[in-house]
Protein chains: 2
Amino acid sequence: MGRGRTTMADVAKRAGVSSATVSMILSGRPDTRFSQETHQRVHEAAAALSYRPNVAARALRTDRSHAIAFISDHVATTRFANGLIRGALRASASEGQTLMVMETGGEPGREARTIDAALDRQVDGIIIASMRAREITLSKTPPGIPMVVLNGTSRQCPASVLPDEERGGRDAVARLDAAGLLGSVALVGHEAAAEEGLFRSLPIQRRLDGIRSGMEARGATFARELSIWEWEPSNGYAAAMELLQGADRPRALLCLNDRLAFGAYQACMELGLRIPEEVSLMSFDNDELAAYLRPGLTTIALPHDEMGARAVARVVRPEEGEELVTMPLIERGSIRAAR
Amino acid sequence: MGRGRTTMADVAKRAGVSSATVSMILSGRPDTRFSQETHQRVHEAAAALSYRPNVAARALRTDRSHAIAFISDHVATTRFANGLIRGALRASASEGQTLMVMETGGEPGREARTIDAALDRQVDGIIIASMRAREITLSKTPPGIPMVVLNGTSRQCPASVLPDEERGGRDAVARLDAAGLLGSVALVGHEAAAEEGLFRSLPIQRRLDGIRSGMEARGATFARELSIWEWEPSNGYAAAMELLQGADRPRALLCLNDRLAFGAYQACMELGLRIPEEVSLMSFDNDELAAYLRPGLTTIALPHDEMGARAVARVVRPEEGEELVTMPLIERGSIRAAR
DNA sequence: CAGTCTTGCTAAAACGATTTACCTATTTGG
DNA sequence: CCAAATAGGTAAATCGTTTTAGCAAGACTG
């Protein structure tokens, strides 16, 4: 057993001290008084034997595993997972933590079992990541171990990390205003009248609130609004076809996400309308494809990397409350100022 | 310590047996002879106390952690990581394993340290995933623990999982042949003459080999070939603009990946050429955007999910050799048969 | 009826760290 | 010069499992 690795006892023997000494010295424990010489001998022995501590033994004794569980509902369905995981991964590496990634498929039963599995491994903290941001009902909240909800909120868990959607919405409006386009903008994806009282999801709701309050603050209203439930390119295409062929064509389209905008690009090409000369476009998310479009799509980005990193930080140094991460404006080429 | 969880000793006490008995019964060890009644008492006690074994203690004793390290060079740069991780994650869940995700940034030094960190945690196996498929030089290969290279190969590690690029290449040619287009196809991304002796990467080399051998087998040659080093949409756009405006415009474009094809789509729209009526398009990867295009892009898919799953399977049940995973043809609407 | 098997179980030694409670010299203080 | 403090360490318990070795009592065998 032990795969033949050197143990602390080996180091102790070589340094001619007890393993208690080795433990204390190597772990850099303060308030201890070993001679300079002993320090050196221990370090040399450890280096010579290329000693590495056995994490399981340490976890057993200390009940800390230096691992964080990243539990998500779907790693699958969304390209967003990537950024969240990436951010979390990097932050945990620099915190000296390892990330255990797990998936629940969104089923509450599996969620509870997955949390249990994480607890069995004595994880130092748990991140519950929701890929479709929303209000989460946790079937169980383990006591005494830090937990944060990423990209969602939960009554059961006071700590969460979310994109600052409301401000993002306002920023989008501000950007269009700066270009002098606010007089002729259509909103693609949501219609206040049609979706009155319908609940989309918490962040999306906030995104809309931000947009509305931005418009109001400027005394502006949308030239038109179109309701679309599924924000997929094909629906964006259809919507744009309708909007852009009408009598007074809007000068700008504010799409509620990049996939809708992508569909709108296709419609513009098909109609021979040049972006941004004839139609300006702005949207949300900063999906990978936003950079591929010609011209590039100006969009308010979901700061997934940053969010993942913040979640780790807040698990390592617990802190209550909802943390809003700024959604940066990514300026590309799809907006032209009206003259 | 122990966070107050029930231990095996608690179960033993409640069932009125020793913990050795509990251990053997709960782990379903064969060739043991406890009475039916004892079995029952132990199971009942465990259930009543909702006992869960401490993974660290078990790992310490058995030197197996039921965790697999998924070590990748970049989770970052590529949307492919997603599929690989997803496949690996699901397979490990059904094997009763946990996945520890780690990243090396592609630096050999960090790679070695990361492998060490994995070994410190007594992982049951290691998956080295390369996001840009290639020949990998491993700075260290731990003895006695199963390891497989995912999406790459390595002299130091006999087990690997790769897409079957060569067959994929041949299948692409076969598909174009079936549509009767082989007489007028341009290859976008590689030119035999220009890139003679240049090494792209192992899988890409095979992809090209497959394409070549498919063409040869049919006695066909490309109408034109264009060399592009960076397979990004903007380059695909430029290439297609050049190809499609020439004297005898090719009937079909075989793009070496979907991003090039995406650029070609943009060029077609701009030139007013209808896909697939006037130009057929086929490519490789099945990038997410392939489904968004209008019409959908017919492509030979990289089977990332399947590959991730296979890597886990081969770590759990070690087996040497290179495993080639079939790249399925995803039929969408970008090819029309010539008449 | 003595010896051997079987049945059903347990005591105790690992595994490799951390941590508590000492222990022995030597200094220091008064 | 004696008591107390300090310096420099160590022995052993502990974390929660798994596993080896073996015990006691009854059932067979010859």
So, first residue over 16 Å from A:Thr98 (Cβ atoms) and within 11 Å of chain B (Cβ to nearest Cβ) in the range A:113-132, second residue among the hydrophobic types (A, V, I, L, M, F, W, C) and open to solvent by less than 10 Å² (accessible area, probe 1.4 Å), Cβ within less than 7 Å, six or more apart or across chains; the pairs are A:Thr114/A:Ile71
Per the filter on the range B:85-101, residues within 7 Å of chain A (Cβ to nearest Cβ) and open to solvent by less than 20 Å² (accessible area, probe 1.4 Å) are B:Ile85, B:Leu89, B:Thr98, B:Leu99, B:Met100, B:Val101
Exercise for the section: Assess whether B:Gly152 counts as being over 30 Å from A:Asp116 (Cβ atoms) and assigned to a strand (DSSP E or B). Expected result: yes
Being in contact (Cβ under 8 Å) with a residue 24 or more places away in the chain, surrounded by fewer than 21 Cβ atoms within 10 Å (Cβ to Cβ), more than 29 Å from A:Arg113 (Cα to Cα) and not assigned by TED's automatic domain parsing to the domain that holds A:Val101 narrows A:Ala186, A:Ala172, A:Ala192 down to just A:Ala192
| said: Kindly evaluate B:Thr104 against the criterion of being polar (S, T, N, Q), within 11 Å of chain A (Cβ to nearest Cβ) and either over 30 Å from B:Val148 (Cα atoms) or more than 16 Å from DNA strand D (Cβ to nearest atom) (or both). | reply: yes
Open item on the list: Any residue at all in the range A:278-300 that's away from chain B (no Cβ under 14 Å) and surrounded by fewer than 16 Cβ atoms within 10 Å (Cβ to Cβ)?
Closed with: yes
Going through the range A:108-133 in order, the residues found to be of a type in the set (Ser, Thr, Tyr) and either within 16 Å of B:Tyr51 (Cβ to Cβ) or open to solvent by 10 Å² or more (accessible area, probe 1.4 Å) (or both) are A:Thr114
Sole miss for B:Arg33 among (1) more than 10 Å from DNA strand C (Cβ to nearest atom); (2) more than 14 Å from chain A (Cβ to nearest Cβ); (3) among the basic types (Lys, Arg) is condition (1)
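Looking for whichever is under 30 Å from B:Ala309 (Cα atoms) and more than 16 Å from DNA strand C (Cβ to nearest atom) here; the options are A:Gly83, A:Gly96. Which one fits?
None of the others qualify; the one that does is A:Gly83.
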message = Any residue that is in contact with a helix residue (DSSP H, G or I) (Cβ under 8 Å, 6 or more places away or on another chain), open to solvent by 70 Å² or more (accessible area, probe 1.4 Å) and part of a helix (DSSP H, G or I) - is there at least one of those in the range A:225-245?
response = yes
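Which members of the range B:1-10 meet the condition of being within 14 Å of chain A (Cβ to nearest Cβ), open to solvent by less than 60 Å² (accessible area, probe 1.4 Å) and not in a loop (DSSP other than H, G, I, E, B)?
Once the filter is applied, which keeps residues that are within 14 Å of chain A (Cβ to nearest Cβ), open to solvent by less than 60 Å² (accessible area, probe 1.4 Å) and not in a loop (DSSP other than H, G, I, E, B), the range B:1-10 yields B:Gly2, B:Met8.
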Subset of the range A:4-30, residues within 7 Å of DNA strand C (Cβ to nearest atom) and of a type in the set (Gly, Ala, Ser), comes to A:Ala9, A:Ser19, A:Ala20, A:Ser23, A:Ser27
Residues of the range A:193-224 being under 18 Å from A:Ala252 (Cβ atoms) and either of a type in the set (Val, Ile, Thr) or not in a helix (DSSP H, G or I) (or both), in sequence order, are A:Ile211, A:Arg218, A:Gly219, A:Ala220, A:Thr221, A:Phe222, A:Ala223, A:Arg224
Flagged pairs (Cβ under 6 angstrom, 6 or more apart or on separate chains; first in the range A:45-63, more than 21 Å from B:Gly4 (Cα to Cα) and away from every other protein chain (no Cβ under 11 Å); second within 9 Å of DNA strand D (Cβ to nearest atom) and open to solvent by less than 70 Å² (accessible area, probe 1.4 Å)) are A:Ala45/A:Ala15
Going through (1) at pLDDT 95 or above; (2) buried (at least 21 other Cβ atoms within 10 Å of the Cβ) one by one, B:Asn82 fails only at (1)
When (1) of a type outside the set (Phe, Trp, Tyr); (2) near DNA strand C (Cβ under 10 Å from one of its atoms); (3) at pLDDT 95 or above are applied to B:Glu44, the one that fails is (2)
Restricted to the range B:11-22 and to residues being near DNA strand D (Cβ under 9 Å from one of its atoms) and surrounded by fewer than 17 Cβ atoms within 10 Å (Cβ to Cβ), the residue farthest from the other protein chains (Cβ to nearest Cβ) is B:Ser18
Among the residues of the range B:25-46, are any within 9 Å of DNA strand D (Cβ to nearest atom) and either among the hydrophobic types (A, V, I, L, M, F, W, C) or in the same structural domain as B:Arg259 (by TED's automatic domain parsing) (or both)?
yes
Of (1) open to solvent by less than 10 Å² (accessible area, probe 1.4 Å); (2) more than 21 Å from the chain's Cα centre (by Cα), B:Pro163 fails just (2)
Taking the range B:195-216 and keeping residues open to solvent by 60 Å² or more (accessible area, probe 1.4 Å) and touching a residue at least 12 places away in the same chain (Cβ under 8 Å) leaves B:Asp209, B:Arg212
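The values are calculated or read from the model by the stated rules, or taken from the named source; none is laboratory data. If you're wondering where the values come from, they're calculated on a predicted model, not measured in any experiment. As a convention, Cβ positions derive from the backbone with ideal geometry for all residues, glycine included, and neighbour counts pool all protein chains shown. Please note that ligands, DNA and RNA were not included when accessible areas were found on the heavy atoms of the full protein model with its side chains. Shrake-Rupley method; radii C 1.70, N 1.55, O 1.52, S 1.80 Å.
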